[in-house]
1. Output the residues belonging to region 318-374 that are over 25 Å from Arg195 (Cα atoms), among the basic types (Lys, Arg) and open to solvent by 70 Å² or more (accessible area, probe 1.4 Å).
2. Among (1) within 25 Å of the chain's Cα centre (by Cα); (2) at pLDDT 95 or above; (3) crowded, with 18+ Cβ neighbours inside 10 Å; (4) under 30 Å from Pro151 (Cβ atoms), which single condition is Ile61 missing?
3. Across region 61-90, what is the total count of residues that are touching a Phe, Trp or Tyr at 6+ places or on another chain (Cβ under 9 Å) and not in a helix (DSSP H, G or I)?
4. I need the full set of residues from region 296-317 which are open to solvent by less than 50 Å² (accessible area, probe 1.4 Å) and under 21 Å from the mean Cα position of the chain (by Cα), in order please.
5. Cβ contacts < 9 Å: first residue on the phi > 0 side of the Ramachandran plot, restricted to region 257-281; second residue of a type outside the set (Gly, Ala, Ser), any location; separation 6+ or different chain. Result?
6. Collect the residues in region 342-378 that are outside any loop (DSSP other than H, G, I, E, B), of a type in the set (Val, Ile, Thr) and in contact with a His (Cβ under 9 Å, 6 or more places away or on another chain), keeping them in residue-number order.
7. Determine if region 111-127 includes at least one residue that is surrounded by fewer than 18 Cβ atoms within 10 Å (Cβ to Cβ), charged (D, E, K, R) and more than 22 Å from Val330 (Cβ to Cβ).
Amino acid sequence: MNSVQQLLDQAQYHQQQGAIDKSMALLGEAGKLGNIYAALDFAYYKVRSDAKFALIYLQSIPNAQHPTVRYHTALITRFYVEENFSRSVISELVALAQSGHAESLLVLSCWCSEEEKVYLQIVSVMAKLSPNIYRQLVNDDRVLVSTSLEPLDESSIERAIRAREAKLRSLEHEMLNEDISLVRVKNALSAFECRYLQQRFIPLLTRSMVANPADGSPLVDSIRTSDVGVILSEMADWIVRDIDTRMANISNTKTSHGEPLNLLRYQKGQEYKAHYDAFSHKQCQQTELIEEGGQRAHTVLAYLNSMSSDGETHFPKIDVKIKPEQGTIVSFKNIDENNEILKLSLHLGAPVANGEKWTLTKWIRINQTQYGILTHGN
């Protein structure tokens, strides 16, 4: 019998040779022998085509009751099987959070942040069992950390989650321009979600680039002076997946057609000058771009903080200016029915005069992308 390390070495070899199915099968065997992360890699590989098989596999491994495995089993159930928060998933998250599982505490904090009593109960547990995360994301004077650990009220948490689900379903979609389907949705993200995205992914920030018109390669250009952090599929946790799905729903697009989310920070003086998000005809002929979903059909933009009078998103050809308001999502089309660039979609991010502007941007292609399939399945 091969050892776990032998299986991992063989899996790496086959991956380097491009034999992905063989590589993943070996990781599946390593998972059955007790390697949690090999098991999770295999499960997420299989979930794209057969989510129920992935769940059965995770339930069969020797580490099935490990908190990390239980958390990802709940995540797969939520996003690939049930597509909502079932009572059993909520119960699992509450049990994991009560034991101090940090990711479960974060998920519950996100979805209960607008119900003050429930939220304070959850973050009180976080303050006691995950103090570093609490200090970075919460640090709320209303939280009283007792010497004893109070049990979480599962029924109150479920009510708060159901109320949040109902609120998201009833959000008003304000049509600002029909020619480019420019829609604004306020309060689409909670303040906690906005804060989480900034704190979680700020280490990813590097200088923003644009696509080189000649070959599509990344290029530094004065047209775009912000910092960007690209949230790849391996970083797409429960909260990211949920926001990703929400942005697809608002834009009426498919999650499997999305590019990775981009976290953007604009500091004093930084801007994004007038531009189109759609690719040029020359770029659309490039093999790499065609294989990665083709033309950019939609743009979805979320504001993670509010700005008083500067940093607005401006559409000069339709005379629309949108002021950044925390939690607001904006969606618009980049191309028409013939895949031609919509000239009215020209837009810019005005210079920041004071402080910082934080946004989350998602571009959606006309076909499936590698990120979309890896993160959400076919």
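The values are calculated or read from the model by the stated rules, or taken from the named source; none is laboratory data. Predicted, not measured: the structure shown is a model, and the values here were computed from it. Cβ atoms come from the backbone with ideal geometry, glycine included; neighbour counts cover every protein chain shown. For accessibility, only protein heavy atoms count, side chains too; no ligands or nucleic acids. Shrake-Rupley method; radii C 1.70, N 1.55, O 1.52, S 1.80 Å.
1. Lys343
2. Single failed check for Ile61: (1).
3. Residues flagged as touching a Phe, Trp or Tyr at 6+ places or on another chain (Cβ under 9 Å) and not in a helix (DSSP H, G or I) within region 61-90 amount to 1.
4. Of everything in region 296-317, those that are open to solvent by less than 50 Å² (accessible area, probe 1.4 Å) and under 21 Å from the mean Cα position of the chain (by Cα) turn out to be Arg296, Ala297, His298, Thr299, Val300, Leu301, Ala302, Tyr303, Leu304, Asn305.
5. Gly269/Thr225; Gly269/Pro351; Gly269/Val352
6. Ile364
7. Yes, region 111-127 contains a residue that is surrounded by fewer than 18 Cβ atoms within 10 Å (Cβ to Cβ), charged (D, E, K, R) and more than 22 Å from Val330 (Cβ to Cβ).
A quick yes/no check of all residues on (1) at pLDDT 95 or above; (2) surrounded by fewer than 18 Cβ atoms within 10 Å (Cβ to Cβ); (3) in a helix (DSSP H, G or I):
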position	(1), (2), (3)
Tyr13	no, yes, yes
Gly18	no, yes, no
Asp21	no, yes, yes
Glu29	yes, no, yes
Ala39	yes, no, yes
Lys46	no, no, yes
Ser49	no, yes, no
